[in-house]
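Here the structure is laid out as structure tokens; the discussion comes afterwards.
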Amino acid sequence: MKRLWFSDSSHLLLLAALLLLLTAMPLLTLAQPAAPAVAPPAATVTVRGYLRDAATNETLIGASVGVREKPGVGTVTNEYGFYSLSLPPGTYTLIIQNLGFTRQERTVTLVAGVNQTLNMTLAGNAATQLQEVTVSSEREDRNVRSTEMGTMQLKVAELKKIPALLGEVDLVRAIQLMPGVQTAGEGTGGFYVRGGGVDQNLILLDEATVYNASHLLGFFSVFNADAIKDVQLIKGGIGAEYGGRLSSVLDIRMREGNARRVSGAGGIGSVSSRLTLEGPLGRRGPVDSAGHAVPAPGSWMIAGRRTYADVFFKLASDKNIRDTKLYFYDLNLKGNYRLSDRDQLFVSGYFGRDVNGNGNFGFDWGNATGTVRWNHLFSDRLFSNTTAIFSDFNYALGSTERASEFKWTSRIRDLSVKQDFTYYLNPNNTLKFGAIGTLHRFQPGDIVPGPDSYINRIQIKSTDAAEAAVYAANQQQISPRLTLAYGLRYSAYANIGPGKVYRYANAAADTPSDTVTYKTGEIIKYYGGFEPRLASTYSLTETSSLKASYNRTRQYLHLLSNTTASLPFDVWTPATASLKPQIADQISTGYFRNFRDNTFEASVEVYYKWMQGQLDYKDNAQVLLNDRVERVILSGTGRSYGAEFLIRKQKGRATGWLSYTLSKTERQVAGINGGEWYPVRYDRRHNVALVTSYQVSPRLNLGGTWTYVTGGAVTMPVGKFEYEGVTFPLYSNRNGYRLPDYHRLDLAATLDNKPSLKPNGQPRAWQGSWTLSVYNAYNRHNAFSIAFREKKDSPGQTEAVKTYLFGILPSITYNFTF
């Protein structure tokens, strides 16, 4: 029986009502004056404020604020640089730390009954910046003390030290060097985390979902390093505020811009050039005692990047080459403005596209995102963030040849409203709660033929889906040694008409026996459930700890693909009556230890993940432009388990990390491999990554990476037979063979034109540097694919032919800032 969206879906309506209530709460107080800074009834006083970079006035994420007189008591700044501490009245010394910045101590006297606002800036430590590459912006021992597991942060300074393919600094390629992360293959942009597929990674750019993060079919990512401020990858212990994907969260924050002066950065490379400009928004104040102008109430940032191979193609003598289009571009935009001491507005967007074509055939794809965020302080301890989000991914391909003219388009588009709260209850408890609602619109495929084309119109009808969630979480300091982070998320989902559901007489039938049609607004299928999250840290000593975590995640979207890489022409589809959601449970535990005054970090994590609703395909399945795709898809269970080892050095001239992952990922699907467990395509037993950087002098830095990965699983032909003159291959069990092992060495050298500081210690207005990178330095021919063909000199016999993409690839890039 049909269910109407607005009449019968009580669960979805309840979540929608709660979402509207949470969204309306800040609006109800917008016209009201701010509450006076009066302490809560308890015998504590709150000191709160923002931590910012003294040079640009950008907020600092994850900086620590500790209290000398109360060891173990403190907090860290949130994603917007905000902190809040509640303490008994008295005089305290606050210790503010952020790697790459000069440590600061501030004395504050808290008087009973009066809260205080204390905004602070941290100056960059020039010596540290020359000699160290900071991997994170946290306090030095946070990896030991925090409840975070399977989490790693990267800063732009770290990314730029890693050797780049054709001179392009690539965030996703850096992610693939972390333990527990597998590459999708040579020259591909997808990545797999702890046995999850490429679609099971939630990629967020300023809170907006990026559905395809690759340029040039995966050779580069869509993230311009000059526009990025902070990167965090979460593989385990995922917080309750995140949802919608099974395996990981890649949370990327764009830079806010320089609120003190107009400045810029850019680079001219082998395949692309880029330029970033930023500056103050609003009127700046007079110069202060330190020589800095009082920052403006806001700032802006714009960053662009484009390749230019197509420009040189036009110089070729061959007409086919002259007509070739091959380029991509990115545009990042961001602005923020401080409306009052308690209100700040952020607007950001990303627009990027790839264009490829030759003669009468071409294709293109791209992402567009937009985010509007409003920070509001209800009180000195209650922080609110209201967000409106837009995300769009689409592709098109077609031919202009008259007899075969067509245009093929596909897209997925999201509209979201999100409300998050953080309540700093006391130094031992930090509460987070909120809600999110998203409307997905899917347009799987539409082929429109030209007026004289022999091609027929093929259209897969669009469909909608509504997804909503509420969550609550708390981080609690139980004792000086024990910290817990626990939370609960409830997600609800509805596949909404218009749409059709096909019914079949039995599981083997290919032709439907009945069709049920749903009108616009009718619920086709509803799903929902709870997602508990739990993490704990027990400090063994000042430099070591044990951690454990458990989380359940649900995913209501599927990526249909027959390839191992994340290609732009894969099809996103919602959970339906036939395609159930994916569910994953993961447990992990680990030992963390720091050495030599936090110079070295070491950890080992062990995890086990079991998954429901994992999709695979029947042999020779066709998923593109298939309106009954459920007949070629099989569903089963999956499991992944392994151990991750990491040792990392963050201080001194030599920095970097060494990681090793031992893992196994399998699936069990009825109808494949006789119902027995089999490895997935991206199952790779061993994964080693060595990342190094050495500051030879204040002007010269050398870097290198070496990776080794066991070959991926693949299905191979093992024989053949002939019938009436036609040869048919016989295949092995699903993924029963392995590709050759993969390994590669990349090298880089960066030379600054001049020291970054003048003889008087002041930074130079213009700074330039040259970076020479060598990709695949010892010319390893790693297999991109293996094909089988008949031997030319031995008819009837078959040989395997390996295809590889890259030999040695040198590149040079000139980078500058001003």
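Does any residue of region 217-224 turn out to be in contact with a Lys or Arg (Cβ under 6 Å, 6 or more places away or on another chain), on the phi < 0 side of the Ramachandran plot and open to solvent by less than 10 Å² (accessible area, probe 1.4 Å)? Checking region 217-224: at least one residue is in contact with a Lys or Arg (Cβ under 6 Å, 6 or more places away or on another chain), on the phi < 0 side of the Ramachandran plot and open to solvent by less than 10 Å² (accessible area, probe 1.4 Å).
Counting only residues that are out of contact with any strand residue (DSSP E or B) (no Cβ under 6 Å at 6 or more places or on another chain) and either free of Cβ contacts under 8 Å to residues at least 60 places away in the same chain or hydrophobic (A, V, I, L, M, F, W, C) (or both), region 598-616 holds 1 of them.
Take the conditions (1) part of a strand (DSSP E or B); (2) closer than 19 Å to GLY236 by Cα; (3) of a type outside the set (S, T, N, Q); ASP683 misses just one of them, which is (1).
Pairs linking a residue in region 97-118 that is within 18 Å of SER84 (Cβ to Cβ) to a residue that is outside any strand (DSSP E or B) and open to solvent by less than 40 Å² (accessible area, probe 1.4 Å), with Cβ atoms under 6 Å and 6 or more positions apart or on different chains, are ASN98/LEU60; ASN98/ALA63; ASN98/SER137; GLY113/ALA39; ASN115/ALA39; ASN115/ASP380. Within region 301-320, if we keep just the residues that are part of a strand (DSSP E or B) and open to solvent by less than 80 Å² (accessible area, probe 1.4 Å), the residue that is modelled with the lowest pLDDT turns out to be THR307. Scanning region 327-371 for residues that are at pLDDT below 85 and open to solvent by 60 Å² or more (accessible area, probe 1.4 Å) turns up ASN358, ASN360.
Quick check on region 616-669: of everything there that is part of a loop (DSSP other than H, G, I, E, B) and touching a Leu at 6+ places or on another chain (Cβ under 6 Å), which residue is nearest to ARG685 (Cα to Cα)?
Among those residues, the one meeting the criterion is VAL669.
Within region 772-818, being more than 30 Å from LYS161 (Cα to Cα), small (Gly, Ala, Ser) and surrounded by 13 or more Cβ atoms within 10 Å (Cβ to Cβ) holds for one residue alone: SER785. No other residue among GLU69, GLU105, GLU158, GLU79 is open to solvent by less than 20 Å² (accessible area, probe 1.4 Å), of a type in the set (D, E, K, R) and either closer than 25 Å to TYR192 by Cα or at pLDDT 80 or above (or both) apart from GLU158.
For region 247-265, the set of residues classified as more than 25 Å from the chain's Cα centre (by Cα) and β-branched (Val, Ile, Thr) consists of VAL262 only.
Within region 502-600, considering only strands (runs of 3 or more DSSP E) that don't extend past its boundaries, which have at least 1 residues that are touching a Cys at 6+ places or on another chain (Cβ under 9 Å) and open to solvent by 30 Å² or more (accessible area, probe 1.4 Å)?
Per the criteria, no element qualifies.
Close contacts from region 346-368, counting a first residue that is without any contact (Cβ under 8 Å) to a residue 24 or more places away in the chain and a second that is open to solvent by 50 Å² or more (accessible area, probe 1.4 Å), with Cβ to Cβ under 6 Å and a gap of 6+ residues or different chains, come to GLY349/LEU333; PHE351/LEU331. If you go through region 427-441 and pick out every residue that is part of a strand (DSSP E or B) and open to solvent by 60 Å² or more (accessible area, probe 1.4 Å), you end up with 4. Annotation: THR409 fulfils all but one of (1) closer than 30 Å to VAL76 by Cα; (2) β-branched (Val, Ile, Thr); (3) open to solvent by 10 Å² or more (accessible area, probe 1.4 Å); the unmet one is (1).
Any residue in region 625-634 that is under 24 Å from ASN673 (Cβ atoms), out of contact with any Gly (no Cβ under 9 Å at 6 or more places or on another chain) and open to solvent by 50 Å² or more (accessible area, probe 1.4 Å)? Within region 625-634, not a single residue is under 24 Å from ASN673 (Cβ atoms), out of contact with any Gly (no Cβ under 9 Å at 6 or more places or on another chain) and open to solvent by 50 Å² or more (accessible area, probe 1.4 Å). Being crowded, with 21+ Cβ neighbours inside 10 Å and outside any strand (DSSP E or B) is the requirement here; does TYR607 meet it? Judged against the criteria, TYR607 is not a match. Looking for whichever is within 24 Å of LYS160 (Cβ to Cβ), modelled with pLDDT of 75 or more and open to solvent by 50 Å² or more (accessible area, probe 1.4 Å) here; the options are GLN762, GLN767. Which one fits? GLN767 is the lone residue from the list that is within 24 Å of LYS160 (Cβ to Cβ), modelled with pLDDT of 75 or more and open to solvent by 50 Å² or more (accessible area, probe 1.4 Å). Among the residues making up region 698-729, those that are in contact (Cβ under 8 Å) with a residue 60 or more places away in the chain, surrounded by 14 or more Cβ atoms within 10 Å (Cβ to Cβ) and assigned to a strand (DSSP E or B) are ASN701, GLY703, GLY704, THR705, THR707, VAL709, VAL714, PRO717.
Filtered by the rule that a residue be part of a strand (DSSP E or B), of a type outside the set (Val, Ile, Thr) and farther than 16 Å from GLY244 by Cβ, region 391-418 gives ASP392, ASN394, TYR395, ALA396, LEU397, GLY398, SER399, PHE406, LYS407, TRP408, SER410, ARG411. Picking from residues in region 580-635 that are among the small types (Gly, Ala, Ser) and under 22 Å from the mean Cα position of the chain (by Cα), the one that is nearest to SER545 (Cα to Cα) is SER588. Only residues that are touching a helix residue (DSSP H, G or I) at 6+ places or on another chain (Cβ under 8 Å) and touching a residue at least 60 places away in the same chain (Cβ under 8 Å) were counted across region 448-472, and they come to 4.
Residue-level check: of (1) polar (S, T, N, Q); (2) open to solvent by 30 Å² or more (accessible area, probe 1.4 Å); (3) touching a Lys or Arg at 6+ places or on another chain (Cβ under 7 Å), THR692 misses just (3). Pairs linking a residue in region 47-68 that is small (Gly, Ala, Ser) to a residue that is assigned to a loop (DSSP other than H, G, I, E, B), with Cβ atoms under 6 Å and 6 or more positions apart or on different chains, are GLY49/LEU118; GLY49/ASN119; ALA54/ALA123; GLY62/SER137; GLY62/GLU138; ALA63/THR77; ALA63/ASN98; SER64/ARG139. Is it the case that region 442-459 has a residue that's open to solvent by less than 20 Å² (accessible area, probe 1.4 Å) and within 26 Å of GLY349 (Cβ to Cβ)? Looking for residues that are open to solvent by less than 20 Å² (accessible area, probe 1.4 Å) and within 26 Å of GLY349 (Cβ to Cβ), one finds at least one in region 442-459, hence yes.
Each row is one residue, and each column tells you yes or no for (1) within 28 Å of THR121 (Cβ to Cβ); (2) part of a loop (DSSP other than H, G, I, E, B); (3) open to solvent by less than 10 Å² (accessible area, probe 1.4 Å); (4) in contact (Cβ under 8 Å) with a residue 40 or more places away in the chain.
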residue	(1), (2), (3), (4)
ILE203	no, no, no, yes
LYS229	yes, no, no, yes
LYS235	no, no, no, yes
ALA240	no, yes, yes, yes
LEU250	no, no, yes, yes
ARG261	yes, yes, no, no
ALA265	yes, no, no, yes
LEU277	yes, no, no, no
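Within region 324-336, residues that are within 19 Å of ARG274 (Cα to Cα) and in a strand (DSSP E or B) reach partners that are acidic (Asp, Glu) and modelled with pLDDT under 90 with beta carbons closer than 8 Å, at six or more positions or on different chains, in the pairs LEU326/ASP310; TYR327/ASP310. Would you check if there is a residue in region 123-140 being among the β-branched types (Val, Ile, Thr) and at pLDDT 80 or above? No, region 123-140 has no match at all.
The values are calculated or read from the model by the stated rules, or taken from the named source; none is laboratory data. Bear in mind the structure is a predicted one, so any value in this text is a computation, not a measurement. Cβ: placed from backbone, ideal geometry, glycine included. Neighbour counts: every protein chain shown. SASA here: full protein model, heavy atoms, side chains in, ligands and nucleic acids out. Shrake-Rupley method; radii C 1.70, N 1.55, O 1.52, S 1.80 Å.
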